[in-house]
Amino acid sequence: MKAVKTLGQFIIEKQAEFPYAKGELSRLLRDIGIAAKIVNREVNRAGLADLTHDNGSVNIQGESQKKLDVFANEQFISALQHGGECCVVVSEESDEYIDIDSEISKNAKYIVAIDPLDGSSNIDVNVSVGTIFSIYRRKTADGRASIKDILQRGSEQVAAGYVIYGSSTMLVYTTGKGVNGFTLDPSLGEFCLSHPKMQIPDDGVIYSINEGYYSHFPDGVKKYIKYCQVEDVTTNRPFKARYIGSMVADLHRNMIKGGIFIYPANASDPKGKLRLIYECNPMAFIIEQAGGKASNGYQRILDLDVTELHQRTGIFIGSKNMVTKAEEMMRRFS
Ligand code: AHG
Ligand code: MN
Ligand code: MN
Ligand code: MN
């Protein structure tokens, strides 16, 4: 029987590798893990907990919030407020950033950006959803953290991760030294190491894009979609189309099997739909740490200037050879 290694044990074991080995990042990851277990419990009983359907409110994205969006947001913010390691929270579901000005957090060094519930449209139909988190170290030395502590490039992240509430619940994260995956064991109530040193294959045969928007796509994307659909046994084409509607679920599948996920800037979303700070930057950090690639079709995601809290970007992310091929098409045709 393989020895069980919990997330907590793993974090302590890796303590020495953390850039700031005094335990703050460890405690921060622990706090996020606790909130993820609470959200998992409610995701698994959403229909019974009156947590499906709309909350009746609209977020700054212009999206009608699901009850579970609001619940998950409250859980993660509360865990971060009371954990003592986080000084600011940025959330998809909160218009402004949340300045945690409390006695317990007065020496807190970390900024956490979060998409508390990714793939909200899937909650009511019982399809996988997720949580995405991104962690930065504040840049200003003292006093209240400011907007320049928050608008940092993705390359400045000290950690990033996601939770997938799927057929099993997993927490996958990186601190810049590879990617490790933990599966929640409900009988223990612990995330246990199940996928050490995750690596995304350099190539894949899955492409993931919402083809319903085909007419809005730039020509480079249209050409890449047609490339995926052409018969060519030497390059294992046609590829398979898979699109779940939860970025976390689509990227987790591609992490395991190989593949590319594309949500490009397009005629109806000229800046793209997905958000840079709490969706694209964390997922780009994780995928790069697993040997993959992430760009906006032209420029590396982690190098993009961050100028607004809820900034959007196009994204091409996944197996590096597939992303490179798509970028070639964008350069030639768009
Ligand atoms: P969220 O539920 O956090 O708003 O994110 C939804 C995102 C992402 O998870 C998914 O890949 C994408 O929106 C789906 O968008 P479309 O429905 O436009 O394809
Ligand atoms: Mn949303
Ligand atoms: Mn999302
Ligand atoms: Mn969301």
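Scanning region 36-64 for residues that are open to solvent by 20 Å² or more (accessible area, probe 1.4 Å), touching a strand residue (DSSP E or B) at 6+ places or on another chain (Cβ under 9 Å) and not in a loop (DSSP other than H, G, I, E, B) yields a total of 8. Can you find a residue that is surrounded by 24 or more Cβ atoms within 10 Å (Cβ to Cβ), more than 16 Å from ligand 4 (Cβ to nearest atom) and outside any strand (DSSP E or B) anywhere in region 133-142? No: zero hits. Is region 237-246 home to any residue that is over 24 Å from GLY178 (Cα atoms), of a type outside the set (Gly, Ala, Ser) and either open to solvent by less than 40 Å² (accessible area, probe 1.4 Å) or modelled with pLDDT under 95 (or both)? Scanning region 237-246 turns up at least one residue that is over 24 Å from GLY178 (Cα atoms), of a type outside the set (Gly, Ala, Ser) and either open to solvent by less than 40 Å² (accessible area, probe 1.4 Å) or modelled with pLDDT under 95 (or both).
Say we look at region 110-125 and pick out the residues that are among the charged types (D, E, K, R) and near ligand 1 (Cβ under 6 Å from one of its atoms); which of these is farthest from ASN281 (Cα to Cα)? Outline the logic, then answer.
Kept after step one, since they are among the charged types (D, E, K, R), are these residues of region 110-125: 115, 118, 124.
Going one step further and asking which of them are near ligand 1 (Cβ under 6 Å from one of its atoms), we end up with 115, 118.
On the way: ASP115: 12, ASP118: 14 Å.
Among those that are among the charged types (D, E, K, R) and near ligand 1 (Cβ under 6 Å from one of its atoms), it is ASP118.
Restricting region 65-91 to residues that are within 16 Å of ligand 4 (Cβ to nearest atom) and of a type in the set (S, T, N, Q) leaves a set whose member that is surrounded by the fewest Cβ atoms within 10 Å (Cβ to Cβ) is GLN65.
Taking region 74-109, which residues are among the β-branched types (Val, Ile, Thr) and either within 16 Å of ligand 1 (Cβ to nearest atom) or assigned to a strand (DSSP E or B) (or both)? Break it down stepwise before answering.
Here is the first cut: in region 74-109, the ones among the β-branched types (Val, Ile, Thr) are 77, 88-90, 98, 100, 104.
Within region 74-109, ILE77, VAL88, VAL89, VAL90, ILE98 meet the criteria.
For region 174-194, a residue qualifies if it is open to solvent by 10 Å² or more (accessible area, probe 1.4 Å) and in contact (Cβ under 8 Å) with a residue 40 or more places away in the chain, and the qualifying residues are THR175, GLY176, LYS177, GLY178, ASN180, LEU184, ASP185, LEU188, GLY189, GLU190, CYS192, LEU193.
The helices (runs of 4 or more DSSP H) located wholly in region 229-334 that include 3 or more residues which are closer than 23 Å to THR131 by Cβ occupy 247-257, 281-289.
Matching residues to (1) within 13 Å of ligand 2 (Cβ to nearest atom); (2) in contact with a Lys or Arg (Cβ under 7 Å, 6 or more places away or on another chain); (3) modelled with pLDDT of 90 or more:
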{"residue": "ASN73", "(1), (2), (3)": "yes, no, yes"}
{"residue": "GLU96", "(1), (2), (3)": "no, no, yes"}
{"residue": "ILE104", "(1), (2), (3)": "no, no, no"}
{"residue": "ALA108", "(1), (2), (3)": "no, no, yes"}
{"residue": "VAL127", "(1), (2), (3)": "no, no, yes"}
{"residue": "GLY143", "(1), (2), (3)": "no, no, no"}
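Here's the yes/no breakdown for (1) surrounded by 17 or more Cβ atoms within 10 Å (Cβ to Cβ); (2) in contact (Cβ under 8 Å) with a residue 40 or more places away in the chain:
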site: ALA249; (1), (2): yes, yes
site: PRO264; (1), (2): yes, yes
site: GLY272; (1), (2): yes, yes
site: ALA294; (1), (2): yes, no
site: PHE316; (1), (2): yes, yes
site: PHE333; (1), (2): no, yes
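Considering only residues in region 92-127 that are surrounded by fewer than 19 Cβ atoms within 10 Å (Cβ to Cβ), of a type in the set (A, V, I, L, M, F, W, C) and free of Cβ contacts under 8 Å to residues at least 40 places away in the same chain, the one that is farthest from ligand 4 (Cβ to nearest atom) turns out to be ILE104.
The values are calculated or read from the model by the stated rules, or taken from the named source; none is laboratory data. Quantities reported herein were computed from a predicted structural model and do not represent experimental measurements. Reconstructed Cβ throughout: ideal geometry from the backbone, glycine too, with neighbour counts over all protein chains shown. Note: areas computed on protein heavy atoms with side chains; ligands, DNA, RNA excluded. Shrake-Rupley method; radii C 1.70, N 1.55, O 1.52, S 1.80 Å.
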